[in-house]
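Here the structure is laid out as structure tokens; the discussion comes afterwards.
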Amino acid sequence: MCGLAGIIRFDQAPVDRAALERMSATLAHRGPDGAGEVVDGPVGLAHRRLAIIDLVTGQQPMVTERAWIVFNGEIYNYVELRDELVARGRSFRTTSDTEVILQLYEEYGEDCIRRLNGMFAFVLYDRTLRRVVAARDHFGIKPLYLHASPRRLLFASEIKALLAYPGVRAQADLDAVGDYLTFQYVAGDRTMFAGITRLLPGHYLVADIGRGSIRSVRYWEPTFRIDTDHTEAYFIERLQWLLEDAVRLQLRSDVPVGAYLSGGLDSSLVTALASRAGSSPLQTFTGRFDEGSRFDESAYARMVADRYGAQMHLITPTESDFVRLMPEMVYHMDEPAAGPGLFPQYMVSRHAATHVKVVLGGQGGDEIFGGYARYLVAYLEQALKGAIHETTEEGEHIVSLQSILRNLPSLQQYQPMMQEFLQDGLFEPMDRRYFRLIDRSGGALHLLAAGFRDGFDTEMRFERFRSVFNHPDTLSYYNKMTHYDMQTSLPALLQVEDRVSMAASLESRVPLLDHRITDLVSSMPPRMKFRGGELKYLLKRAAGNLLPPPVLERKDKMGFPVPLHLWARGSARDFFGDILLSRRAAERGIFDLAEVEQLMNHEHAFGRRLWGLLNLELWFRTFIDAEAPSAARIASVAETTV
């Protein structure tokens, strides 16, 4: 896990090494173990290294006679690829996965990307063909941002590195701000910064330096071509093998490996598999809050740790930690984050970094295996609709009203959301209904200033949503929902995963996002994946006897709940007020301050409206108003946190 930056001059002007070094300096937290730059006329590449594999000879940029590369991430199947290349007559100078990419490219060209199993973002300069190949992994676990002009193309692992280049200004894209207020993320290749884009997951681009041309290629996406030839037993057995193999591959490291353990199904399963595959007790890291049982799931995590003899580290973030760290978290994130779980993740990552250099986590399980309660809410409405009208929009009934009843207790914690969802638009088309479930602006438009609200185009955002949701391969409602979330909300969550770990110089790996697992799950019949409306039905069957029954069967998992609403009415009220009710916030013209003050008094438990507004205003201050915390301030905060 590292940081990279690059400058490509289409106008053939020599790269400004000082500018490249400034870009690299902003990424120092991503790679404290080494730094390097290489410049050749119109091409310059920089790298910051967090040494995980081949600690001695794996420095970057890595250079051969033909090509250069800067690489962020891990290639988990690098051992197998290396053996294949050796069998084809190639020899290696290092034992690193970085050199495997270089040699694989020299052997297969850009098609080499399709052979990689890992999390990666890399920029490779082919000196012979005078072209640059930049690639990003299947799900976008590792980031790669771009700033293009007719004369040059900039790359970086974080947006702040692009802003360090002379002439690149931080300007808000107000249309993207509207997307954030709707979804709490910006979908597609856009960012909150005008003129700065991201390379999409599962894509690579090729830039021809001589011609000044850029082409983008999508090399992977989940297909949802349904396999009707195999039984449920076959799929479970195959899934079990893939889960074990993914964890086995992702345990490869030359430094200590631990695991996040929340007490939910996903992280518990990863912990179980890693404990069984490892040779020593696994160190696990769990966050909780003192504000009551609704904010403390550590008892479930303890069951798993005890079962596998894992060493459990318990981290208890506080209200004062939140006030002290929030500005630094916003700086590290680059863009406003999707939910308040960012804060405890940040704290847990900083603590984990004092014990290990790599952690495994359960990110992606909800999107791949169908773990969100909104899927059950959506199908409850579909079952009612089908029962009343004796019809279905999907060609077959995936669940019936009778079959879904036994799983409805999973919705006990979601009654406020259900009341809001069902009070308007009942039995509308599937795309309109799911948009209502994920649209966070519906109950928050009154929080916006009148002028900003007048220009807020919900229908335009619905059309953008629908272009992704109604994918031609996703014929069932279930597949449409999970596919949409994989393409949109998952990258936003992975942005958090990357930034909170990298802020602590910690590598975070996510075994459930091995693309082989997704290829298998997307081929399963929807009725099989969501039998009776049971969330994560097949993952639970694949987990078998690995987990304690209370963990496997629990129906109250809430993600990473944060008592934000209590803090806003407690001793942190001044912090919220100083930001959200300030003159600057009023002059920005986005919020209705009177309504925001009411929200501070009445935000409900697990609500995300207050979080969204706080994030947005702090983002404006940090990047648009140019009040980013200094490197010295961030270093000081890091020392006191750990």
- Per residue and in cubic angstrom, what volume does the convex hull of the Cα atoms of the range 100-215 have? 113
- Within straight cross-link reach of Lys357, meaning Cα distance under 16 Å, which aspartates and glutamates are found once same-chain residues fewer than 8 apart are removed? Asp33, Asp54, Glu74, Asp254, Glu497, Asp498, Glu507
- Task: Within 10 Å, count the other beta carbons around each residue, average over each peptide in 99-107, 276-284, and list them highest first.
- Result: 99-107, 276-284
- Task: Figure the gain on full extension for Gln171 and Asp11 (residue separation times 0.36 nm, minus the Cα-Cα span) and round it to one decimal in nm.
- Result: 55.1 nm
- Query: Using 1/(1 + (r/R0)^6) with R0 = 51 angstrom and r between the beta carbons of Leu405 and Ser279, what's the FRET efficiency to the nearest 0.05?
  - Reply: 0.65
- Task: Determine, for each peptide in 210-217, 252-259, 580-587, the mean count of other beta carbons within 10 angstrom over its residues, then list the peptides with the highest first.
- Result: 252-259, 580-587, 210-217
- Message: Quick one: the Cα spread of the range 167-324 along its three principal axes, in angstroms, biggest first?
- Response: 59, 54, 37
- Item | Whole-angstrom gap from the range 226-303 to the range 83-142, using each part's C-alpha centre | 29
- Cross-link partners among lysines for Lys555, C-alpha distance below 18 Å, same-chain residues fewer than 8 apart left out? Lys529, Lys536, Lys540
- Message: So, for the chain, what is the accessible surface per residue at a probe of 1.4 Å, expressed in square angstrom?
- Response: 37
- Task: Would you kindly state how much longer the chain becomes between Ser293 and Ser320 on full extension, computed as 0.36 nm times their sequence separation minus their alpha carbon distance, in nm to one decimal?
- Result: 7.7 nm
- Query: Once the principal axes of the Cα atoms of the chain are found, what is the range along each, listed largest first in whole angstroms?
  - Reply: 69, 62, 47
- Task: Heavy atoms only, probe 1.4 Å: what % of the accessible area of the range 83-146 goes to carbon and sulfur, would you let me know?
- Result: 42
- Dividing the Cα convex hull volume of the range 337-427 by residue count, how many Å³ per residue is that? 153
- Item | Anisotropy class of the range 275-334 from Cα gyration tensor, a/c 1.5 cut | oblate
- Task: Give the relative contact order (percent, whole number) for the chain; include only Cα pairs under 8 Å separated by 6+ residues.
- Result: 16
- Message: Can you bin every Cα-Cα distance in the range 398-505 into 10 Å intervals starting at zero and give me the percent of pairs per bin, rounded to whole numbers?
- Response: 11, 31, 37, 18, 4, 0
- Message: I'd like the accessible area for Thr622, computed on protein heavy atoms only with a 1.4 Å probe and all protein chains in place. Round to 10 Å², please.
- Response: 10
- Task: Grab the beta carbon distance between Arg93 and Asp473, set R0 = 56 Å, and tell me the FRET efficiency rounded to 0.05.
- Result: 0.80
- Can you pull the semi-axes for the range 16-92, root of five times each eigenvalue of the Cα gyration tensor, sorted largest first, whole Å? 26, 17, 9
- the range 454-468 residues near the modelled Asp424 label - backbone nitrogen below 13 Å, point 7 Å along Cα→Cβ: 458-459
- Length gained when the stretch Phe456-Glu237 is fully extended (0.36 nm per residue, less Cα-Cα span): 74.0 nm
- For the range 302-361, what % of the accessible area comes from carbon and sulfur atoms, probe 1.4 Å? 51
- Computed over all unlike Cα pairs, the Kirkwood hydrodynamic radius of the range 120-169 in Å stands at 12.1
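The values are calculated or read from the model by the stated rules, or taken from the named source; none is laboratory data. What you see is a predicted model, and the numbers here were worked out from it, not measured in a lab. A quick note on method: Cβ atoms are made from the backbone with ideal geometry, for glycine too, and the neighbour counts reach across all protein chains shown. Heavy atoms of the whole protein, side chains included, go into the accessibility calculation; ligands, DNA and RNA do not. Shrake-Rupley method; radii C 1.70, N 1.55, O 1.52, S 1.80 Å.
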